[in-house]
Amino acid sequence: MNITATNILNSLPTTIASKHPDAIVYHEMRNNTWNAVDRAGFATLVDNAAMAMETLGIETGDRVAIFSSNRAGCLVADFGAYALRAIPVSLYATSSSDQVRYILNDSGARIIFVGSNSQLAAVREIADKCPHLQHIIGLADSVDRPEDESRFISYNDFLSLGASASQSCRDEIDRRRSQASPDDIATLIYTSGTTGEPKGAILTHSCFNACLDIHRRWLTNITEHDTSLCFLPLSHIFEKAWTYFCIFTGVEVYINTDPREIQNVIRQVRPTCMCSVPRFWEKAYAAIQERISAMNPAMRLLVRRALKVGRRRNLHYRRMGINVPAWLEARYRLYDRLIFSKLRRAMGVDRGNIFPTAGAPLSPTIVEFFRTVGVNIVIGYGLSETTATVSAYPFENYEIGSVGKTIEDIHVRIGNEGEILVKGPTIMRGYYNKPAETEAAFTADGWFRTGDAGYIDGSGAIVLTERLKDLFKTSNGKYIAPQALETRLGEDKYIEQVAVIGNNRKYVTAIIIPAFEAIKEYAHKKHIQYRNLDELVRNNDIRRLIEERIEKLQKSFAPFEKIKKFTLLPREFTMENGELTNTLKIRRPVINRHFAREIEAMYA
């Protein structure tokens, strides 16, 4: 595609509509039916949104907040703002009223789009404390109009306002587009942060111009014949940048509006691509391993043989770019037909092309397993501040256990304490309204400090070792990387969440959230009686089960790294309690504070 506009995002909907107006941009579920919107329809929606915002007084550089779970209206609002040279600011759908108030005031947003009645209620709770806020716009028919809220505009009324706008309004939008500059701010991505208040990473249009161009040159296997399932939040830079890339390259996008339904939706859509975080694959792996363990001995033997052949073919030959011997290929195709294809079909990934995965470490064991059975997980690494991708697996010669090689035009070096430093055209300008934090985020010679520790191996791949802020030292002077332990334990079907403890302590401990459905099933099989979850996690047989699993999983760790004691909790860590970030990373200071009594008991 030849993009002639100065900035790709300012005119992307009209550009793609001028090429193939009937091509589908996205599908959205309404009344249990997938409704498709073509390029011409998308361009019209975006134009109407832009003209409505201009009519409501949105000027060049004004901020426009979007507070919703995934829905097509999020994309319409984003690109409507880009057309005006305004700045969309996405909020996570699970944000609390206090978080919404902070971001609205920090960004100075004049409009906020809301996707549900609960989000509307959260905004109304703090709206009077946000002096810049002028309009609240519903993004769905299900958002009810409050009788006492003069600032509220329904989505249909909002689009109708744009559709009936004057020619002078349209001329104004054309004028702004013509004056667009790569130095314009495209969006603010507020990092959820494991400590402290959120920071708005300033991503300019030049960041997205470079990001889209780099990925187009790199992902030559992605074509208009692909389909992508939009699963992660569009407020997350990973999904946002990927979905923009899909629109840019003509990939049809299916928008999943309810994360709880992802297992059903993926089997229904059968996408060729889907961004995900490691937890999705960890759960899938645990479920598959459970099914294998329940097979009869003959079938288990057949599966083991199939996995041995799949591993040899996909990891020893295909991974290294070596031609597969004919005899091995024949055996693989047999096992693929008997076992692997059925497994992929059951998951909904049987048409898979690539499945980018990032956001946290994923156990090499799980990566190897899915690659063995023909699921093309592509591990990558990036941050909000880098417009997503810094590195990813190449098509061949990738190193499992790494986060891949640096993508084209992005440069990485290792700084003090092993910190990964990044430079390139996709790096943020800085943090909005935070000059001190911006200065601290860069070295004196302009390299962005990621806060991640790691090294570059002999093949040129980046290997992450730990978040520098997470790294801690025991009272015996031994350094511990808690994420390594947490990732390893995350493989187990009986373990849902883990927080490793040990800073300035004599030994390592852990707060563990069991996978409740799995331990309930175990309790049923073993005739373990309990009245509630609190009683179940205190049961000696359950504790013994988890202890045995932990001991087995941490065999490869040094003695000083191993978990010596643990506490099982009867509830999960949650975003609502502040224990998880919006990207599901644990907030260690909060967990240390919330469970101080349980932690102290493990060191008594």
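Tell me whether the stretch 411-423 contains one or more residues that are in contact (Cβ under 8 Å) with a residue 40 or more places away in the chain, in a strand (DSSP E or B) and closer than 30 Å to K342 by Cβ.
Step one: list which residues in the stretch 411-423 are in contact (Cβ under 8 Å) with a residue 40 or more places away in the chain, which gives 412, 414, 417-420.
Subset that is in a strand (DSSP E or B): 412, 414, 419-420.
Narrowing further to those that are closer than 30 Å to K342 by Cβ: none.
No, there is no match, as no residue in the stretch 411-423 is in contact (Cβ under 8 Å) with a residue 40 or more places away in the chain, in a strand (DSSP E or B) and closer than 30 Å to K342 by Cβ.
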Kindly check whether there is at least one residue in the stretch 80-93 that is out of contact with any Ser or Thr (no Cβ under 8 Å at 6 or more places or on another chain) and open to solvent by 20 Å² or more (accessible area, probe 1.4 Å).
no
Condition first: in a helix (DSSP H, G or I) and either open to solvent by less than 70 Å² (accessible area, probe 1.4 Å) or of a type in the set (G, A, S) (or both). Now tell me which residues in the stretch 558-576 satisfy that.
E561
Tally time: how many residues in the stretch 1-35 are touching a residue at least 24 places away in the same chain (Cβ under 8 Å), under 15 Å from A72 (Cβ atoms) and open to solvent by 30 Å² or more (accessible area, probe 1.4 Å)?
3
Out of A436, A484, A510, I need the residue that is touching a residue at least 12 places away in the same chain (Cβ under 8 Å), open to solvent by 10 Å² or more (accessible area, probe 1.4 Å), of a type outside the set (S, T, Y) and not in a loop (DSSP other than H, G, I, E, B). Which one?
A484
Can you name the residue in the stretch 116-135 that is touching a helix residue (DSSP H, G or I) at 6+ places or on another chain (Cβ under 7 Å) and either in a helix (DSSP H, G or I) or modelled with pLDDT under 95 (or both) and is also nearest to A50 (Cα to Cα) among such residues?
V123
Qualifying positions in the stretch 506-546 - polar (S, T, N, Q) and either more than 22 Å from H594 (Cβ to Cβ) or within 32 Å of the chain's Cα centre (by Cα) (or both)
T509, Q529, N539, N540
Looking only at the stretch 532-557, count how many residues are of a type in the set (S, T, N, Q), open to solvent by less than 50 Å² (accessible area, probe 1.4 Å) and either closer than 19 Å to T487 by Cβ or touching a residue at least 24 places away in the same chain (Cβ under 8 Å) (or both).
1
Looking only at the stretch 429-479, count how many residues are at pLDDT below 85 and either of a type in the set (G, A, S) or over 30 Å from P364 (Cβ atoms) (or both).
2
Does at least one position in the stretch 176-192 carry a residue that is in a loop (DSSP other than H, G, I, E, B) and either closer than 27 Å to D98 by Cα or of a type in the set (F, W, Y) (or both)?
yes
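Please go through the stretch 136-157 and give me each residue that is outside any loop (DSSP other than H, G, I, E, B) and under 29 Å from the mean Cα position of the chain (by Cα), ordered by number.
At the first step, the residues of the stretch 136-157 found to be outside any loop (DSSP other than H, G, I, E, B) are 136-138, 152-153, 155-157.
Across the stretch 136-157, the qualifying residues are I136, I137, G138, Y155.
What do you reckon, is A241 buried (at least 22 other Cβ atoms within 10 Å of the Cβ), under 19 Å from the mean Cα position of the chain (by Cα), in contact (Cβ under 8 Å) with a residue 40 or more places away in the chain and not in a strand (DSSP E or B)?
Values: buried (at least 22 other Cβ atoms within 10 Å of the Cβ): yes; under 19 Å from the mean Cα position of the chain (by Cα): yes; in contact (Cβ under 8 Å) with a residue 40 or more places away in the chain: yes; not in a strand (DSSP E or B): yes.
For A241, the condition - buried (at least 22 other Cβ atoms within 10 Å of the Cβ), under 19 Å from the mean Cα position of the chain (by Cα), in contact (Cβ under 8 Å) with a residue 40 or more places away in the chain and not in a strand (DSSP E or B) - is met.
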Single residue of the stretch 253-294 satisfying the filter (of a type in the set (D, E, K, R) and not in a loop (DSSP other than H, G, I, E, B)) that is least open to solvent (accessible area, probe 1.4 Å)
E282
Go through the stretch 50-79 and give me each residue that's buried (at least 24 other Cβ atoms within 10 Å of the Cβ) and hydroxyl-bearing (S, T, Y).
S68
Please verify whether the stretch 587-595 includes one or more residues that are in a helix (DSSP H, G or I), out of contact with any strand residue (DSSP E or B) (no Cβ under 9 Å at 6 or more places or on another chain) and among the basic types (K, R).
yes
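Scan the stretch 133-151 for residues that are open to solvent by 80 Å² or more (accessible area, probe 1.4 Å) and within 22 Å of V76 (Cβ to Cβ) and jot them down. Before you say what the answer is, go through the steps one by one.
Within the stretch 133-151, the subset open to solvent by 80 Å² or more (accessible area, probe 1.4 Å) is 141, 144-145, 147-148, 150.
Selection gives D141, D144, R145.
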Among what's in the stretch 158-187 and is within 23 Å of I137 (Cβ to Cβ) and among the polar types (S, T, N, Q), pick the residue that is nearest to the chain's Cα centre (by Cα).
T187
Can you tell me which of N48, N70 is within 24 Å of S235 (Cβ to Cβ) and part of a loop (DSSP other than H, G, I, E, B)?
N70
Pick from D452, D492: which is acidic (D, E), under 30 Å from V412 (Cα atoms) and either open to solvent by less than 20 Å² (accessible area, probe 1.4 Å) or touching a His at 6+ places or on another chain (Cβ under 8 Å) (or both)?
D452
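The values are calculated or read from the model by the stated rules, or taken from the named source; none is laboratory data. Please read all numbers here as calculations on a predicted model, not as lab measurements. Positions of Cβ are backbone-derived with ideal geometry, glycine not excepted, and every protein chain shown enters the neighbour counts. Accessible surface is based on the protein model in full, side chains and every heavy atom, while ligands, DNA and RNA are left aside. Shrake-Rupley method; radii C 1.70, N 1.55, O 1.52, S 1.80 Å.
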